[in-house]
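Below: the structure, in structure tokens.
Only the coordinates and a few stated rules stand behind these numbers; no lab work does. The structure presented is a predicted model; accordingly, all values stated were derived computationally and were not measured. Reconstructed Cβ throughout: ideal geometry from the backbone, glycine too, with neighbour counts over all protein chains shown.
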Amino acid sequence: MARKKRAGEDGRSESRLDRRDYLRATGTALVGAVAGAGVTATTARAASPVSGSWEIRNRYIETGSNELGIGCAVTDPDGEGVIEHVYIRSTDSSDKPAIWVDPKQHLGHLTIRNVHIEGHADNAVYAELHEPWGKGGTLTIEDCYFHDNTRGNLRVNGGTEVRNTHIHNTGENFPTRGYLCAGHFSYYEGGGEINMRHCQIDIDGSNVKHGSNSLALMTRGSTSAYGDYGSNIPTVTVSNSQVAGEIRGHEGNITLQNSGRNPTINPPKGVPMTASEAENGTSSATGPTWREVSSGGGSSDSDSSESDQQATVLELVANADAQNAAYEFTVDGTVTKHSVSDGIAAEGNDTLTDNGDGTVTVTGASGNGYGDAYAVEGSITAMRLDKSEWTLRYGGQQTSVADLTATGSDSGTTTDSGSGADSGSASGTGDLPNTLIIDGGGAPNAACTYRFAVSGSAAKSGELGSINVADEVNDGVITGRVIGGKDAYRFSGDITEFAVEGPVGVELDSQS
């Protein structure tokens, strides 16, 4: 699902940021303000943002031996947090993260962009939202530069998008504590998908010191004081990237697509390389940015351009008034997530499932005029969506479901619109006095399924909730799915069967 343009994505110059934008918060007010050069972790943590929406920009933060750089959370499910153009450097192998996202409170979305982190022994970015604390917040890391950090340069969980980020070791400020050094490290259960695109990761053992061992990418389960977290480890998909070093995935859940093993470390333009650059809003970094590599204007890998030329881009763009419009399609061949622009890009909550027979099924959702994109090699054999909510483009040309699937008909791609009970949607309420609402608003990034049966008749209710093709009514048996949205039905008689999988709320108003 592509997201709305976030704070800090408004065309601001990549080489210099407005110094008036150091720190801004909405919603619950921040306590204090993040200090400038030489800030200690105690001060930074005391002023770290935990509120509905906030921004931190143009900061140099220096940490000691046991000091946290930034601790934060976006507490509003619709809120946005931004950490941009920040340099966090430990001068004494800090045994705390440079950036820590509080899993007890993070509900919204956090963007970390143009951030330089070095010398931390306990993760550069620690945002692993494991159960039972994880609240479902999401994260985007873009155009960043991490080096000489141990445990994980990235320790994140499902729902994270990592873009054009460069990770390696120079050996010049390597932590002294002898921990594992990993490019990415997932430890706890949390599920979902981590997408890493156009990244350069060079953790092959070079410049690793003080008894540390190294892995480029790693996922694993564990048993800890909080329970067994080994059954639902997030998957990691690395595309159009270059990765050097050992890859060790839990049950093979790390996949490289259109990627090689020869990284070139070149910090992206916009990353502050010194303390003064961080505070002055400037950058001497020269590497291509995410926008450049994702649009073909720059190159962060040697294999992706040829692959992109072979594939055809499918764009699914939701109408401006669509809310959480769902889609599903199947490809006989291969398909990868793709980015056309900031507003049209498949992300972490869009899923690709290998069916084991040479086909791949893709599911996702979008709304508010935004959309998703995929690079398709092969043929699209099936597609399910409400065509009234979508504009489809294939190879840059507007198309239809019938043309894409070569069926010659759009039959079956839209929700039934009959007026009778069990015919699809309800047009009247007299014969269907009872209502049932399935509300997924409490978990906006989770796909939740349900099934119930009634002794009478049932129909979808567009008045009380959304109607989409993933929901079916057949002879009093109702099955459906919500992804952060709300489904509603009118029915007669009694509920004779009910089952739900996932975090949803249920509201029943029975007049029977």
Equivalent ellipsoid semi-axes - Cα gyration tensor, segment 117-217, angstrom: 23, 15, 10
Per-pair calculated FRET efficiency, R0 = 60 Å: residue 402 and residue 173 via Cβ, rounded to 0.05: 0.50
Distance between modelled label sites at residue 65 and residue 377, nm, 7 Å Cα→Cβ extension: 5.3 nm
Computed lengthening from residue 455 to residue 361, 0.36 nm per intervening residue step minus Cα-Cα distance: 30.4 nm
Rough spin-label spacing in nm, given labels placed 7 Å along Cα→Cβ, for residue 506 and residue 246: 4.8 nm
Contour minus Cα-Cα distance for residue 261 and residue 354 (0.36 nm per residue): 31.1 nm
Highest-first arrangement of 377-383, 77-83, 471-477, where packing means the average Cβ count within 10 Å: 77-83, 377-383, 471-477
Debye-sum result for segment 311-405 in log10 I(q)/I(0), which assumes one identical scatterer on each alpha carbon, at q = 0.12, 0.14, 0.24, 0.25 Å⁻¹: -0.31, -0.43, -1.36, -1.48
Cut-off under 5 Å, modelled amide H: who pairs with residue 110 long-range: 81, 138, 139, 140
